[in-house]
Amino acid sequence: MIKYFLQASRRIYDVGIVNQEMKQSLACWLIVRSTLIAIFVSIATCVFAVPVIIASLFQKNGNIPHLAARLWAKSILFVSRVKVTLQGLHHIDPHATYIYMANHQSMFDILAVLACLPVQFRWLAKAELFDIPVLGYGMVKAGYISIDRTDRRSAHRSLHEAAEKIASGVSVVIFPEGTRSPDGEIKQFKGGGFHLAIHSKKPIVPVVISGTHNIMPRGSLCIRPGRITVSINPPIDTSSFNSRDRKALMESVRSIMIQKLEKIRAEQG
């Protein structure tokens, strides 16, 4: 009996060693893989900057730089072995102006939306991204809007700029949480985007993203292969809302997005 337990213990110990070695090998592979992808991103950013620079000399509306950004995003997703599934495209009119509001779990949210949303739009993005060499220049030329949430005056100017773009017929995309969720769940929303929607009387389109947290969560530099689902929900008419309704509108949009995220996760198992 004692001999049996000793042999069983030895097998468990051996399995533990194998599992530990596998974990170390997988960790090393993930680091190498992520490093190679980061190198590709740097090269792709410089390559796609060329048509952006050329186009900016002849065109000022940012449409061509935005198309270049879409191709840039698709190339990174392809190299990263990340597949994106788009749902609900029939809910939107490609020629209409909307304020798209998406949940934010990962840097890959940006790539997923760029790659799969086949319309011209402009990001309302955090100011730090505009400080990145080459990338920041491309974002400016594409007409994307920098917002510094730590500076109220600057944030107000950014919302005013977004309102001007919307008035000219250009859609915008906003992450109403203001930052990436650390656990992949939808956090409380900031009010700026909803003030913009009520002021402009343009429909809000809730966009729910699932899967990006598993690929590259907040605080991680490692990139895993995987699948992303981007779900476009029916537009919400804001023409009857006023500033007093902003909080109710925020909660309504957030509730729709939470329910949709839960549904997507349940369907995916």
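To keep it simple, each residue is scored yes or no on (1) within 17 Å of Ile64 (Cβ to Cβ); (2) modelled with pLDDT of 90 or more.
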| position | (1), (2) |
| --- | --- |
| Asp109 | no, yes |
| Ala127 | no, no |
| Ile132 | no, no |
| Gly136 | no, no |
| Met139 | yes, no |
| Glu161 | no, no |
| Glu164 | no, no |
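Filtering segment 144-180 to residues that are loosely packed, with under 15 Cβ neighbours inside 10 Å and in contact (Cβ under 8 Å) with a residue 40 or more places away in the chain leaves Arg149, Gly169, Thr179.
Inside segment 156-175, can you point out the residues that are outside any strand (DSSP E or B), farther than 21 Å from Met107 by Cβ and within 20 Å of the chain's Cα centre (by Cα)? The answer is Leu159, Ala162, Val170. Among the residues of segment 101-139, what is the count of those that are out of contact with any Pro (no Cβ under 9 Å at 6 or more places or on another chain) and in a helix (DSSP H, G or I)? The number of residues fulfilling the criteria is 17. Selection of segment 38-97 for residues being in contact with a Lys or Arg (Cβ under 8 Å, 6 or more places away or on another chain), outside any helix (DSSP H, G or I) and surrounded by fewer than 16 Cβ atoms within 10 Å (Cβ to Cβ) yields Lys83, Thr85. Taking (1) of a type outside the set (Gly, Ala, Ser); (2) surrounded by 19 or more Cβ atoms within 10 Å (Cβ to Cβ); (3) more than 20 Å from Arg246 (Cβ to Cβ); (4) at pLDDT 90 or above in turn, Asp183 satisfies each apart from (2). Please go through (1) under 17 Å from Ser231 (Cβ atoms); (2) free of Cβ contacts under 8 Å to residues at least 60 places away in the same chain; (3) among the hydrophobic types (A, V, I, L, M, F, W, C); (4) touching a helix residue (DSSP H, G or I) at 6+ places or on another chain (Cβ under 7 Å) for Ile110 and return the number of the only condition it doesn't satisfy. All conditions are met except number (4). Of all residues in segment 186-208, those that are in contact (Cβ under 8 Å) with a residue 24 or more places away in the chain and either hydroxyl-bearing (Ser, Thr, Tyr) or more than 16 Å from Pro235 (Cα to Cα) (or both) total 9. Evaluating Ile132 against the criteria (1) β-branched (Val, Ile, Thr); (2) in contact with a helix residue (DSSP H, G or I) (Cβ under 8 Å, 6 or more places away or on another chain); (3) exposed (fewer than 14 other Cβ atoms within 10 Å of the Cβ) leaves one unmet condition, (2). The number of residues in segment 225-258 that are crowded, with 16+ Cβ neighbours inside 10 Å and outside any helix (DSSP H, G or I) comes to 11.
Within segment 83-110, being under 30 Å from Leu30 (Cβ atoms) and either aromatic (Phe, Trp, Tyr) or in contact with a Phe, Trp or Tyr (Cβ under 7 Å, 6 or more places away or on another chain) (or both) holds for Ala102, His104, Phe108.
May I ask you to list the residues in segment 113-132 that are small (Gly, Ala, Ser) and farther than 19 Å from Ile228 by Cα? Selection gives Ala125, Ala127.
The values are calculated or read from the model by the stated rules, or taken from the named source; none is laboratory data. Worth saying up front: this structure is predicted, and the values here are computed from it rather than measured. Cβ atoms come from the backbone with ideal geometry, glycine included; neighbour counts cover every protein chain shown.
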